[in-house]
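I have placed the structure first, in the form of structure tokens, so that the comments after it can refer back to it.
Here, each number is a calculation from the coordinates, and none is a lab measurement. None of the values given here were measured: they were computed from a predicted structure. Reconstructed Cβ throughout: ideal geometry from the backbone, glycine too, with neighbour counts over all protein chains shown.
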2 protein chains.
Amino acid sequence: MEPVKFSKEKVVLDTSLFVNPDVRNDFGDTPTKALEGFLFLAAQIPTLDFYMPSSIFKELLNFIEPEKITGDLLTILHQKSPNKHELFFPSVLLYELVEETRERVNKGLRAAEKAVRGVQKKDEKEIIQELRRQYREALREGIIDSKEDVDLILLAKELNALLVTADQGLIKWAEKFGIRWLLPNKFKDYLLSTIKKAKSAEVTL
Amino acid sequence: MEPVKFSKEKVVLDTSLFVNPDVRNDFGDTPTKALEGFLFLAAQIPTLDFYMPSSIFKELLNFIEPEKITGDLLTILHQKSPNKHELFFPSVLLYELVEETRERVNKGLRAAEKAVRGVQKKDEKEIIQELRRQYREALREGIIDSKEDVDLILLAKELNALLVTADQGLIKWAEKFGIRWLLPNKFKDYLLSTIKKAKSAEVTL
């Protein structure tokens, strides 16, 4: 009898899965435990290959205690940067990025003007806090705004992988690139269901 | 004797050539006269093809008196949008755009915070004027920030054309794309020299 040929599915992980407290509880209540919990499940799934861009992995290292993580990390969670010098993307996306940035820049200026006009009425410290919040919302949220974000999008595209992220900017760009995505709070179910499927395939044989 | 085969060079024009007073004086002292002056020279140059993206041409129409412009405009200055759905660009440029925007966004916030802190000392109106200036400098200057800008870059790339512009953001992106560029204040000399060259080629025959 021939060996079973699994069609290996690729999955690209963002750090939020382990770092964001709203999400990581599925796997463990600290970043280190969440990573261990993920590795424990992932080790049982021969049909999935897990990847993380090196830049994102470096971010993750700031949150975990590496000495507590087993060598499984290295064989299960592959670190790989996208092949950025050979990937091309359609120029319509350049229009979208430029236009969206332009609108956000205008919003940021309006927030700044409002803050200046409000100083007479409120405490300066309070005003600046509010300005920072509004400005961040206008210019950072729901947009790809770091090279780590670009790494995630390009790696998922290059590998034709499923992208696991809670970042709204990344999700929006995943949609532009035709990349499949999954919210981290569905990810444990996804893994468990994959394990079940793999086991029932074994039984069938 | 065979007809001479000119290798036609393509040139893409930004509106600044006709609209910016520092530049257009080479051709005429109003936008309409500058455009007429350009058409007068361009009509004598069979070796150059002139293009303008439709979006930029639309901008130009806001500055000129169309009824004063002869039909030459239509045969000499071609309106063409870039073939944006078939053009691709290297993803390293996406990193550059995202990183540059990120730095600028931080600068914009610092300008806004400075403005809020300055309100006690200076007039609010004056503060807001200064804020707008600094914010524009941080977030607009030296960057491509409109779909018209993207049109110019992509059209010049598609046609392998010389881009005539005074916009520092466009020049920077032209360099990234390997597009040749020329400052508008050199453009009249460029046209006159091309006319001379074309005439001497005729004489040689």
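Relative contact order for segment A:92-139: 52 percent, from Cα pairs under 8 Å spaced at least 6 residues apart, divided by residue count. In a reduced charge model with +1 at each Lys and Arg Cβ and -1 at each Asp and Glu Cβ, segment A:121-184 shows a dipole moment near 140 debye about its Cα centre.
Considering only alpha-carbon pairs that sit under 8 angstrom and 6 or more positions apart, the relative contact order computed for segment A:1-74 is 36 percent.
Taking a point 7 Å out from Cα toward Cβ as the label site, list the nm distances between B:Glu103 and the same residue in every other copy, smallest first. Distances between equivalent label points, in nm: 2.7. Cross-link partners for B:Lys197 among the lysines, with Cα-Cα distance under 21 Å and sequence neighbours closer than 8 places in the same chain left out: B:Lys5, B:Lys8, B:Lys10, B:Lys186, B:Lys188.
Here's the list of aspartates and glutamates a cross-link from B:Lys68 could span, going by alpha-carbon distance under 16 Å and ignoring same-chain residues fewer than 8 apart: B:Asp29, B:Glu36. If you look at the Cα atoms of segment A:69-197, you get an Rg and a Dmax of 19.7, 64 Å. In chain A, the longest principal axis of the Cα atoms and the axis of helix A:31-42 are about 40 degrees apart. Normalised by the number of residues in chain A, the average gap of Cα pairs under 8 Å and 6 or more apart makes the relative contact order 27 percent.
Shown for B:Gln120: label points 7 Å from Cα along the beta-carbon vector, and their distances to the equivalent points in the other copies, 1.7 nm in ascending order.
Hey, which aspartates and glutamates would be in cross-link range of A:Lys121, C-alpha to C-alpha under 20 Å, not counting anything within fewer than 8 residues on its own chain? Cα-Cα hits under 20 Å: A:Glu113, A:Glu130, B:Glu113, B:Asp123, B:Glu124, B:Glu126.
Distances, shortest first, from the label point of A:Ile171 to those at the same position in the other copies read 4.3 nm; the point lies 7 Å along Cα to C-beta.
When the square roots of the Cα gyration tensor eigenvalues are ordered a ≥ b ≥ c, the ratio a/c for the protein assembly as shown is 1.5 or more and a/b does not exceed b/c, which makes its shape oblate. For the peptide A:162-171, the mean number of other protein chain Cβ atoms found within 10 angstrom of a residue's Cβ is 0. Angle of helix B:147-159 to the longest C-alpha principal axis of chain B, folded into 0 to 90 degrees and rounded to 10: 30°. Using a Gaussian network model of chain B in which every pair of alpha carbons under 10 angstrom is joined by a spring, one finds that among B:Leu139, B:Leu77, B:Leu97 the greatest mean-square fluctuation is at B:Leu97.
Just A:Arg117, A:Arg132, A:Arg140 to compare: in a GNM of chain A, with alpha carbon springs under 10 Å, which one fluctuates most? Most flexible of the set in this elastic network: A:Arg117. As a ratio to 2.2 N^0.38 Å, the alpha-carbon radius of gyration for segment B:92-139 is 1.39. Relative to the Cα centre, the charge distribution of segment B:1-154, modelled as +1 at Lys and Arg Cβ and -1 at Asp and Glu Cβ, gives a dipole magnitude of about 580 debye. Put simply, segment B:23-91 fits an ellipsoid with semi-axes of 25, 15, 12 Å; these come from the alpha carbon gyration tensor as the roots of five times its eigenvalues, largest first.
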